[in-house]
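Step one of this worksheet: look at the structure below.
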There are 2 protein chains.
Amino acid sequence: MLESANILRKYGIPVTAQRLALLRAVGARPHATADVLAEAVRAEIGAVSKQAVYNALGTLVEKGLIRRIQPAGSPALYEGRVGDNHHHLICRSCGMTVDVACVVGERPCLNAADHSGFRIDEAEVIFWGTCPSCLEKTEKTGADQAEAGKPQDFLTRPTTP
Amino acid sequence: MLESANILRKYGIPVTAQRLALLRAVGARPHATADVLAEAVRAEIGAVSKQAVYNALGTLVEKGLIRRIQPAGSPALYEGRVGDNHHHLICRSCGMTVDVACVVGERPCLNAADHSGFRIDEAEVIFWGTCPSCLEKTEKTGADQAEAGKPQDFLTRPTTP
DNA sequence: AACAAAAAGTAGACAGAGTCCATTTTTTGA
DNA sequence: TCAAAAAATGGACTCTGTCTACTTTTTGTT
């Protein structure tokens, strides 16, 4: 509580009830959407506007206090874990997202063979697959993968079979 | 023309003027959005509905004839280059997207240290940075990167400084 | 403690990308 | 050629997120 306030102050971010609640919400729910976080904040302090949530998340991301990940076909997700350069593993069928340790370790953790003159500052890696519980469902029903592993709308993505 | 029709037939996809035009449009404009492709198709055959474009793109992606990439904060992009497992390099400031050869070569081209029981089928890699022409602009104005490199709305993403 | 200036928050309209649905048109294959 | 199956149409609708004008809260300075 005081903790969070001090963190905000250290970064020169004005301390408001909304931001404090949001910071806690992000800490408590890794990989939550803005909407879910807004609900969490409401549960704690009564009300917040959508805009306050988006503004605050934007500021916190900008200052490096939280991290935003935007998987294809899904709304943005936020997480408190920053600075350790981990990546994500996402289930195509239920959307479950888990952290995975960085493959290499340093940031940017990969080198493009040909960088075309770009100055690269980040290598974003997302592993796509099927989570254990969706795998189990597939096997149980005996349905083939195309059936049971059919991605939900929000996760429809290219499959390169 | 006949070429494309045969490809569609080979994959069991009914041949329609819309799909043929779309296939050509994707081939001619790598990294185009659905909207841009729809315009291209209209230029060629007069008219298409938004839905026909989305349906056709979806089908083609599903069959592996084209590839969909969905960079954070941007609408989906489509490309005809499939099967060579290359990745993408995107400019944070102007959105320019170029292909880069795969870092490793095989697909999935990376291994997650801990896969948490997932069955991984793809490792998606996006390199983020600044393209040569935006770099030049930055240097010319003498503005610092935070200024000149300010991402456009459609490309606002986490920065991990 | 009080007070202006600056920064945040509020509510609601608005925008872009994509989906849904009922109906019409085209393609296929017998 | 003709019916069944698949696509296309177009318009309403949804979901994330942004813009704007206005009000409220923080801050930091007397």
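Using a label point 7 Å beyond Cα on the Cα-Cβ vector, give me the inter-copy distances for B:Ser49 in nanometres, one decimal, shortest first.
Once sorted, the set of distances for B:Ser49 reads 3.9 nm.
Label-to-label distances across copies for B:Gly117, with labels 7 Å out along Cα→Cβ, in nm, shortest first?
Listed shortest first, these distances are 5.0 nm.
Considering Cα pairs under 8 angstrom that are at least six residues apart, work out the relative contact order of the stretch B:2-69 and quote it in whole percent.
Once divided by the residue count of the stretch B:2-69, the mean separation gives 28 percent.
Pop a pseudo-label 7 angstrom from the Cα along the beta-carbon direction at both A:Gln51 and B:Asp35 and give the gap in nm to one decimal.
2.4
Averaged over peptide B:36-43, how many Cβ atoms belonging to another chain are found within 10 Å of each residue's Cβ?
0
Is there a simple number for the mean count of other chain Cβ atoms within 10 Å of the Cβ of residues in B:83-96, and what is it?
Mean partner-chain Cβ count within 10 Å for B:83-96: 2.
If the limit is 27 Å between Cα atoms, which of A:Lys10/A:Lys50; A:Lys137/B:Lys63; A:Lys50/B:Lys50 go over it?
Checking Cα-Cα distances, A:Lys50/B:Lys50 exceed 27 Å.
Computed on protein heavy atoms with a 1.4 Å probe, what is the summed buried accessible area for the chain pair B and A, in Å² to the nearest 100?
4200
From the phi of every residue in the stretch A:76-93, what ³J(HN,Hα) in whole Hz does the Karplus formula 6.51 cos²θ - 1.76 cosθ + 1.60 yield, where θ is phi - 60° and glycine or proline is x?
4, 10, 10, 8, x, 6, 10, x, 9, 6, 8, 10, 10, 10, 10, 7, 5, 9
With the label 7 angstrom out along Cα to Cβ, how close does B:Pro14 come to the same site in each of the other copies, in nm, nearest first?
Label-point separations across copies, in nm and ascending: 6.0.
In nm, to one decimal, how far is the B:Lys10 label point from the A:Arg9 one, both placed 7 Å along Cα→Cβ?
The two pseudo-label positions are separated by 6.9 nm.
Take the rotation relating chain B to chain A, measure from its axis to every Cβ in chain B, and name the nearest residue with the distance in whole Å.
B:Val125, 3
The values are calculated or read from the model by the stated rules, or taken from the named source; none is laboratory data. Bear in mind that the values here come from a model prediction, so they are computed numbers and not experimental data. Heads up, the Cβs are rebuilt from the backbone with ideal geometry, glycines too, and the neighbour counts pull from every protein chain shown. All accessible areas refer to the heavy atoms of the entire protein, side chains included, with ligands and DNA or RNA removed. Shrake-Rupley method; radii C 1.70, N 1.55, O 1.52, S 1.80 Å.
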